[in-house]
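Data block below; observations after.
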Amino acid sequence: MQAQYLLVKWNLFWRHKMLRKILCLAATALFTQAASANVVYTWQQVEHVSTMPDGLHLELIFSDAAVAKRNLTLDFANLCSSAGYCEEQQDSLMSLRYWYAGPDGDKEWNLIDYKYRDEALDGYQQFSMSLQFLEDGHLSGSIMANSGFSDFTMQSDGTMFTMMEAHSDEGEGCGFAYSPCSGERGLLLSSAAVLPQAQRLPEPGSLAILAVGGLAGWFVRRRGAIRKRTAR
C-alpha cells in the first residue's frame, strides 16, 4: 500500500509539473506571435518648389499591427492642457517627425516631434490621417499634423504626396513671415523589405485545449510506462 501511495503522489507531481511546462510553452508561443515591431516610412522628395523651404524631412513610424491591417484612420488630439483629458487614444502611430533642414541641411525648422503616448502629456498635438499601406512599400492617403506651433497637410494622388499647406509660428521655414507653403511633391516609402501580415491569434479556449491535449498525451504515455514496470 505504501508503495502504491508513493506511486500515486509521484504521478500527481509529474502531472502538475508537465501541465505548467505545457502552459508556459503555449504562452510563449502566443506572446511571440503577438509581439509587435515597428515599420518606418520616410519622405523621398520628387519635386522641390520655390514656394517651400529646402530640406523637407518627414518620418512616420507605425506599429506592426497597424500596417498589417493595410488601412488606418486616425483622428485624435491632446486635450491635457485644455480639458484635462490625458488618456492614450491610439496605439498605431508610434512616432512622427517633421522639419525643414534648410539649405545647409543642419536646421530643424518647424519641428513636429510626436511620440506614442505624447497625448497623455501636457502640451498640444492634433493629428488626422487616412492611410493605405500598399504591398510595394508605398504609403497613400492624407496626413494632417499640428503641434500647436507648426502644422502641415499632405494629400496623395495614388502614391505621390503633395504638400497642400504648411504653417509655423517660427520665423523660418514655413513661418509667419512667409505665405503658406505648398506644392512640394514626394513619396513616403517603407524601410521594410516585406510588410507585416495580419495573424490570427489563438483564443484563450484554444490554449486550454492545447494544454489539456498535451497533458493527456503525456499521461497516456506515463501510464503505459508504469504498467510495463508493474508487469515486471
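What number comes out for the charge environment of M160, summing +1 per Lys or Arg and -1 per Asp or Glu over other residues with Cβ under 13 Å away? Before the final figure, lay out each step's value.
On the way: positive: R185; negative: E47, D157, E184.
Cβ neighbours under 13 Å give a net charge of -2.
So which GluC sites (Glu not before Pro) in the range 95-160 end up in coil per DSSP with only 10 or fewer other C-beta atoms within 10 Å? Each step should come with its number before you reach the end.
Numbers: sites: E108, E119, E135; in loops: E108, E135.
Here the GluC sites (Glu not before Pro) that fit, given the DSSP loop and packing criteria, are E135.
Multiplying the sequence separation of K69 and S81 by 0.36 nm and subtracting their Cα-Cα distance, what value in nm do you get?
Details: separation 12, 0.36 × 12 = 4.32 nm, distance 3.26 nm.
This chain segment gains 1.1 nm when fully extended.
Quick one: dipole size for the range 38-190, taken about the Cα centre, charges +1 on Lys/Arg Cβ and -1 on Asp/Glu Cβ, in debye to the nearest 20.
Numbers: 7 positive and 24 negative charges, 67 e Å.
Dipole about the Cα centre, nearest 20: 320 debye.
Using the per-residue mean of other Cβ atoms lying within 10 Å as a proxy for protection, in what order, highest first, do the peptides 166-173, 93-100 fall? Write down the numbers at each step before the final one.
On the way: 166-173: 18.5, 93-100: 20.9.
So the peptides 166-173, 93-100, ranked by packing, come out 93-100, 166-173.
May I ask you to derive the FRET efficiency for S130 and V46 from their Cβ-Cβ distance with R0 = 25 Å, giving the value to the nearest 0.05? Before the final figure, lay out each step's value.
On the way: r = 21 Å, r/R0 = 0.86.
Efficiency, rounded to the nearest 0.05: 0.70.
How big is D, in µm² s⁻¹, for the range 64-210 by Stokes-Einstein at 10 °C and 1.306 mPa s if Rh is the Kirkwood radius over C-alpha pairs? Intermediate values should be presented prior to the final figure.
Numbers: Rh = 17.2 Å.
The diffusion coefficient I find is 92 µm²/s.
What is the sum of charges, Lys and Arg at +1 and Asp and Glu at -1, for the other residues whose Cβ falls under 13 Å from the Cβ of M94?
Values: positive: R97, K115, R117; negative: E59, D64, E88, D91, D113, D118, E119.
Cβ neighbours under 13 Å give a net charge of -4.
None of the figures in this text is laboratory data; all of them are computed from the coordinates on show. Only a predicted model underlies this, so the values are computations on that prediction, with no experimental measurement involved. Heads up, the Cβs are rebuilt from the backbone with ideal geometry, glycines too, and the neighbour counts pull from every protein chain shown.
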